[in-house]
Amino acid sequence: MGLEYFYITDSPEIAVACEKAGIDRIFVDMEYMGKDKRQGGLDTVKNHHTVEDVKNIRAAISKSKLLVRVNPIHKGSAEEIDSVIDAGADIIMLPMWKSVEEVKAFYGMVGGRVKTILLLETDEARFCLDEVIKLKDIDEIHIGLNDLHLSQHKKFMFELCTDGTVDEIASKLKAAGIKFGIGGVGKVDSDNLLPAENILCEHYRLGSSMVILSRAFCDLAKYEAKEFEQVITSGVAENREYEKFIRFQPSDYFDNMHRKTAEIIETIKKNI
């Protein structure tokens, strides 16, 4: 089995195209609280999807799982989570948690009705991870590189893959037997600052199971729906082929790629 791919959209038509392309999870993103303040001035995607979008995507797909990111814990969280579950979410993601108490509150609100995924994207979350992984309700954790690198005042988000941060988190999650994913990835054989090939090798080196397909993978703003389906299908197939190639490579192959990744990242940092 390869990595599980997520794609963020609020369009039923695009969701169907993603499902046909073999994308495992359609990701509806309802998080908006605090994003402008954290990511103001950065070229990041800021969605504000709704419960109605969740319902529409639910009606459109049958094979892919429906993942919904809600807002961080706030006074309306219980109502928001209930509405998302009622709308048909298969998995709910909690962003920007910073304490064991927030995680416990989240699990209490979900009440085991659907699967959950914690988005680890702050140093506060990293520092309380030892306590969080002792909880019996954990299904999955995703390491959010964008906000985590901002939390650490780093220049480039993938720097966390070579400075020991992601290695530390991944080793704890593997030891606890918790399924996890890391950040996002673009298409292989593309002109990216950090090639997707290097990023995919990091996933295999670290034992990751999941990744978000980034805007660079297939930017919806550049394509009509019909063309998007062709691009997303070929892109997923190409990434899967590369995964087949690296899946059975020996450990020293990934060690060598990791060193090359570190060198590329150092060059990128100098030019930021």
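What is the number of the single condition among (1) open to solvent by 20 Å² or more (accessible area, probe 1.4 Å); (2) touching a strand residue (DSSP E or B) at 6+ places or on another chain (Cβ under 7 Å) that VAL211 does not meet?
(1)
Condition check: free of Cβ contacts under 8 Å to residues at least 60 places away in the same chain and either of a type in the set (Ser, Thr, Tyr) or under 23 Å from ILE246 (Cβ atoms) (or both). Does ASP123 satisfy that?
No.
Report every pair of residues separated by at least 6 positions or lying on different chains whose Cβ atoms are under 7 Å apart, first residue within segment 209-237 and under 12 Å from ALA17 (Cβ atoms) and of a type in the set (Val, Ile, Thr), second modelled with pLDDT under 80 and open to solvent by less than 30 Å² (accessible area, probe 1.4 Å).
Once the first residue is under 12 Å from ALA17 (Cβ atoms) and of a type in the set (Val, Ile, Thr) and sits in segment 209-237, its partners that are modelled with pLDDT under 80 and open to solvent by less than 30 Å² (accessible area, probe 1.4 Å) give VAL231/CYS218; ILE232/CYS218.
Answer yes or no as to whether ALA216 is in contact with a helix residue (DSSP H, G or I) (Cβ under 9 Å, 6 or more places away or on another chain) and farther than 25 Å from GLY144 by Cβ.
no
With segment 105-163 as the region, which helices (runs of 4 or more DSSP H) entirely inside it contain at least 3 residues that are at positive phi?
Hits in segment 105-163: none.
Report the residue count in segment 226-252 for those that are open to solvent by 30 Å² or more (accessible area, probe 1.4 Å) and of a type in the set (A, V, I, L, M, F, W, C).
So the count comes out to 3.
Out of everything in segment 85-104 that is touching a Pro at 6+ places or on another chain (Cβ under 9 Å) and either more than 16 Å from LEU119 (Cβ to Cβ) or of a type in the set (D, E, K, R) (or both), what residue ends up being most open to solvent (accessible area, probe 1.4 Å)?
Selected residue: LYS98.
Counting only residues that are closer than 12 Å to VAL54 by Cβ and not in a loop (DSSP other than H, G, I, E, B), how many does segment 83-104 have?
Residues meeting the conditions: 7.
The values are calculated or read from the model by the stated rules, or taken from the named source; none is laboratory data. These numbers come from a predicted model, not from an experiment. So basically every Cβ, Gly included, is an ideal-geometry build from the backbone, and we count neighbours across all protein chains shown. These area figures cover heavy atoms from the full protein model, side chains too; ligands, DNA and RNA do not enter into them. Shrake-Rupley method; radii C 1.70, N 1.55, O 1.52, S 1.80 Å.
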